[in-house]
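One structure is given below, encoded as structure tokens.
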Amino acid sequence: PQPPSLTSSVPQPPSLTSSVPQARPVSPPKSSHLVKRAALIVGNTYQNSNHMELLGCKTSAENVKKALEFRGFNCELKLNIPADEILRLVTEFTENKTDFEARLFYFSGHGGNESFSVNGGGHAITENLVGFVDRSGQLYEGGEYVLGQDGRKVFKDEILSSFAKDNKPNVHKILMFDCCRGEKSREMGITQKTTFQLEIMRREEANQKNAHYKNVVILHGTLPHQVKALT
């Protein structure tokens with residue numbers, strides 16, 4: 001006679017697969033999300049112009065391009081760009097990069113601060129921010145600008161308005177100005193030893209509209225009304 005089968009008399013443990021929930025395999029997402037960053041880089045050297053040449057601005061622009069590309073930026077490098085073209089490039093760049101999470105504008109070249117009197121019809125004041133008449137003086141408003149390759153001014157407010165006009169709060173908007181912000185010999189005014197009355201002239205638009213751009217960072221290479229050191 002055959003010995004009884006042990007498998008029939010020994011109780012078997014319950015199957016773990018039936019009582020323990022199994023982890024489902026994770027499928028990869030249909031589309032991976034990548035952070036999109038873009039930069040417009042302008043370097044003006046002013047070669048063959050009436051302004052002092054800044055050959056180092058080309059090197060600065062190229063170095064910034066390399067640094068930003070290393071950090072994942074899609075960069076556009078433009079050299080020796082005239083004033084009107086700078087504004088056109090900024091406008092076009094902004095319109096084509098509305099779905100990017102970060103936009104950056106970098107300028108290297110000449111810059112300054114233009115004095116002007118709105119009450120006098122908006123004419124530029126070419127001598128001093130402070131204008132003296134006998135014992136009274138007027139402190140005019142100033143507007144910072146960058147200089148196109150053609151020697152014409154582009155005010156930073158114009159660049160900001162075009163660069164941030166979509167005003168999306170989820171888009172990081174960065175502007176970097178690597179240039180002078182004034183000329184000390186012109187903008188500090190003429191020293192007066194006598195006392196005087198000072199009238200501060202404000203632009204009328206300042207009392208009517210307060211434009212607020214969201215998520216904007218503006219970086220300068222110098223302090224206000226200062227000249228950038230040449231290296």
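The values are calculated or read from the model by the stated rules, or taken from the named source; none is laboratory data. The model shown is predicted, which means the values in this text are computed figures rather than measured ones. Quick note on the areas: whole protein, heavy atoms, side chains included, nothing else; ligands and nucleic acids left out. Shrake-Rupley method; radii C 1.70, N 1.55, O 1.52, S 1.80 Å.
What percentage of the solvent-accessible surface of the range 28-111, computed with a 1.4 Å probe over protein heavy atoms, is contributed by carbon and sulfur atoms?
Numbers: 2310 of 4600 Å².
Carbon plus sulfur share of accessible area: 50 percent.
Sort 37, 152 from largest to smallest accessible area, using a 1.4 Å probe on the heavy atoms of the protein chains.
Working: 37 85, 152 125 Å².
The residues order as 152, 37, largest area first.
Which whole-angstrom value gives the distance between the alpha carbon centres of the range 140-178 and the range 70-114?
If you average the Cα positions of each part, the centres end up 9 Å apart.
Provide 176, 52 ordered by accessible surface of protein heavy atoms (probe 1.4 Å), highest first. Walk me through the numbers before you get to the answer.
Details: 176 55, 52 105 Å².
My answer, sorted largest first, is 52, 176.
Just to make sure I understand: if all protein chains stay in place, what is the order of 40, 55 by accessible area at 1.4 Å, largest first?
55, 40
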